[in-house]
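To keep things clear, I will list the structure first and then write my remarks on it.
The numbers here are math on the coordinates, done by the rules we state, and not lab data. Remember, it's a predicted structure, so these values are computed and weren't measured experimentally. Virtual Cβ from ideal backbone geometry, glycine too; neighbours counted across all protein chains shown.
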Amino acid sequence: MSSIVQPVAPGSSDDPKINELIQQAVDGWWHDSAMMGAIAHQPDLLKTILPVFESFFIAGRIPAHLFEMMRLKTGEINRCGYCMTVRAAGVVDEVSPKEEAFMGEIDESAFTRSEYLGIKLAEYMAGDPNYIPDTFYDELKQEYTKEEIVELIFACSVFNFGNKFNITMRLDTTDESDYEKEMAYPFTPKAVVNG
């Protein structure tokens, strides 16, 4: 299955800023340009969304590896093939050894309290956030400031947006990246009923 819209390739846009942003995805962010290349079909959207990622992912207020674990958890729950395959390049070495402990049922003992709560928040938000218990919010407030809670929830909302965007676009990794190709998404066409 291929992407429903072919992503703009690095260096192929008439807009130098768009080429720069797509190249950032290749060189720094994910070592793959498919998501940013797809968004680049609407240049103003790409110019707006990438600074949003930067505002929390590289700001340093909350460790980047925690955001990456949260991003992967939302990808798992939402069944986003692209999100589960592509990794944030800057924190791969820190996150990879912990993946087994947060994919599927979360092994709380493998994480610091703040890490566990961040991953659990991602799990709740990728499911149905209407059912987040008050006791969980109490735990968050014991570990994080109100500013940090807003940042965690905002970041996780962005991750869920990314999951839904990538799934709906049936996004695949680019030929130039080293990632696996032909992402698996759960969609199965309905059988034609004769009749």
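Here are the numbers for this structure:
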{"read-out": "For segment 39-88, diffusion coefficient by Stokes-Einstein and Kirkwood Rh (Cα), 10 °C, 1.306 mPa s, µm²/s", "value": "132"}
{"read-out": "Rounded to 10°, Cα long-axis angle of helix 43-57 versus longest principal axis of the chain", "value": "30"}
{"read-out": "Distance between modelled label sites at VAL52 and PHE136, nm, 7 Å Cα→Cβ extension", "value": "2.2"}
{"read-out": "Alpha-carbon spread of segment 54-113, three principal axes, descending order, Å", "value": "29, 28, 18"}
{"read-out": "Other-chain or far-sequence residues with amide H under 5 Å of ALA40's (modelled H)", "value": "VAL8"}
{"read-out": "Largest-first principal axis extents, alpha carbons of segment 61-169, Å", "value": "36, 30, 26"}
{"read-out": "Cα convex hull volume per residue for segment 2-68 (Å³)", "value": "90"}
{"read-out": "For segment 163-179, 3J(HN,Hα) per residue [Karplus equation, 6.51 cos²θ - 1.76 cosθ + 1.60, θ = phi - 60°, Hz, x = Gly/Pro]", "value": "4, 5, 4, 5, 5, 5, 7, 6, 5, 10, 6, 7, 4, 6, 7, 8, 6"}
{"read-out": "Footprinting exposure proxy for THR74, THR168, THR173 (fewest neighbouring C-beta atoms within 10 Å first)", "value": "THR168, THR173, THR74"}
{"read-out": "Relative contact order of segment 4-71, defined on C-alpha pairs under 8 angstrom at six or more residues apart (%)", "value": "27"}
{"read-out": "Nearest-20 debye value, segment 88-154 charge dipole, Cβ charges on Lys, Arg, Asp, Glu", "value": "140"}
{"read-out": "Descending principal axes extents, the chain, alpha-carbon based, whole Å", "value": "55, 49, 29"}
{"read-out": "Set of lysines with alpha-carbon distance to LYS120 below 22 Å, sequence-local pairs under 8 removed", "value": "LYS73, LYS98, LYS141, LYS146, LYS164"}
{"read-out": "Karplus 3J(HN,Hα) series, Hz, for segment 88-103 with 6.51 cos²θ - 1.76 cosθ + 1.60 (x for Gly, Pro)", "value": "5, 4, x, 10, 3, 5, 7, 8, 3, x, 9, 4, 4, 7, 10, 7"}
